[in-house]
Structure formats: C-alpha cells, structure tokens
Amino acid sequence: NNWSADAALYWRQFNYVGSLLLAGGYLGAVTLYVRRRPDGPVTNALAAVGRTAFTNYLLQTVIATTLFYGHGLGLFGSVNRVEQYALVLVVWAVQIALSVLWLRRYRFGPVEWVWRTLTYGERQPIRKSE
C-alpha cells in the first residue's frame with residue numbers, strides 16, 4: 001500500500017479489531033485447558049511463570065536489549081521472522097524452566113521478593129522452609 005492514508009486510516013482498523021478477537025480466543029483456550037487439567041504439567045508451568053511474572057518481564061527486557069541494542073550484539077533489523085520465532089521459543093522455554101525450578105525452592109521470584117519486602121517494609125521469607 002506504500003503506506004497510503006487509506007491503509008493507515010481505514011484498513012489498519014480491521015487489524016485492531018482482529019487482535020482483540022484473537023486475544024479473546026487465546027484467553028478462552030487457556031481457560032478451557034486449565035479448567036480441564038487443573039493439576040497438569042502445562043497448568044503448573046503457566047502458574048510458575050505467573051508467580052514470577054515481574055522477574056520474567058525484566059529478564060526478557062535484558063535479553064532483548066542485549067541482543068538487539070548497540071550496547072549488546074546490535075542485531076536490530078537483521079533477524080528475519082523465522083529467527084524471531086525461534087528466539088521467542090528459546091526465551092520462553094528457558095523462562096518456563098527457570099520459573100518452575102526456582103519455585104521448587106522459593107516462594108516467589110527474586111524481583112517479586114524485593115517488591116514484597118519494600119511494600120511491607122520488612123524482609124519477607126523467600127525460602128519455602130522459612
């Protein structure tokens with residue numbers, strides 16, 4: 001479309017509506033799975049990632065900026081779509097595994113622990129045995 005005004009102002013709007021519908025579909029699929037298999041391995045992995053969400057968010061930011069910005073490898077604009085999908089899958093797999101392993105020993109993620117400690121004004125127990 002050569003970035004025409006028609007494309008930007010009219011046709012692009014369908015993408016926004018479609019994105020909302022797609023997000024609703026993903027939410028519905030995950031909800032149905034979790035209700036059907038409340039103690040399944042995928043449900044437990046999703047729960048672990050949810051309990052370490054702030055830590056995972058910051059870790060993804062560090063990984064992405066290190067890979068793509070100039071202070072790291074500077075790969076911005078040089079990674080094709082297939083490589084992007086592979087990178088996403090690798091980062092997700094690593095974060096899921098780290099979240100599950102971390103929560104076997106600790107109550108919540110390291111950043112979540114700092115956040116709770118600052119919020120309550122006293123050191124929170126982080127180990128499961130504390």
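Entry note, the chain: relative contact order of 23 percent, from Cα contacts under 8 Å with a spacing of 6+ residues.
Against the chain, whose longest principal axis is taken from its Cα atoms, helix 81-105 shows a tilt of about 10°.
When peptides 29-36, 54-61, 77-84 are sorted by average Cβ neighbour count within 10 Å, with the highest value leading, the order is 54-61, 29-36, 77-84. For Ala53, the shell of other residues with beta-carbons less than 15 Å away shows a net charge of +2, using +1 for Lys and Arg and -1 for Asp and Glu. Over the chain, accessible surface divided per residue gives 80 Å², non-protein components excluded, 1.4 Å probe. Applying 1/(1 + (r/R0)^6) with r as the Cβ-Cβ distance of Tyr33 and Lys128 and R0 = 22 angstrom yields a FRET efficiency of 0.25.
Evaluate the Kirkwood expression for the hydrodynamic radius of the stretch 41-106, namely the inverse of the mean inverse distance over all pairs of different C-alpha atoms, and round to one decimal in Å.
It is 12.9 Å.
Here the stretch 26-126 exposes an accessible surface that is 68 percent carbon and sulfur, computed with a 1.4 Å probe and the other protein chains kept in place.
Evaluating 6.51 cos²θ - 1.76 cosθ + 1.60 at θ = phi - 60° for every residue in the stretch 115-125, the Karplus couplings come out as 4, 5, 4, 5, 5, 8, x, 8, 4, 8, x Hz, glycine and proline recorded as x. In degrees, nearest 10, range 0 to 90: what is the angle between the Cα axis of helix 53-68 and the longest Cα principal axis of the chain? Tilt of helix 53-68: around 50 degrees. Give the label of the value calculated from the structure for Cα extents along the principal axes in Å, choosing from [x] 80, 47, 23; [y] 89, 39, 33; [z] 61, 44, 31. Evaluating Cα extents along the principal axes in Å on these atoms matches [z]. The HN-Hα couplings worked out from phi for the stretch 14-19 by the Karplus form 6.51 cos²θ - 1.76 cosθ + 1.60 (θ = phi - 60°) are 5, 5, 5, 5, x, 5 Hz, whole numbers, x standing for Gly and Pro. Taking each residue as 0.36 nm, the span from Ile63 to Asp6 lengthens on full extension beyond its C-alpha to C-alpha distance by 16.8 nm. Per-residue ellipticity at 222 nm, computed for the chain from helices alone with -39500 (n - 2.57) per DSSP H run of at least four residues, works out to -23000 deg cm²/dmol. Potential lengthening of the chain between Val100 and Tyr85 amounts to 3.2 nm, from the contour at 0.36 nm per residue minus the alpha-carbon distance.
The values are calculated or read from the model by the stated rules, or taken from the named source; none is laboratory data. Please read all numbers here as calculations on a predicted model, not as lab measurements. Please note: Cβ atoms are built from the backbone with ideal geometry, for glycine as well, and neighbour counts cover all protein chains shown. What goes into the accessible areas is simple: the full protein's heavy atoms, side chains included, and nothing from ligands, DNA or RNA. Shrake-Rupley method; radii C 1.70, N 1.55, O 1.52, S 1.80 Å.
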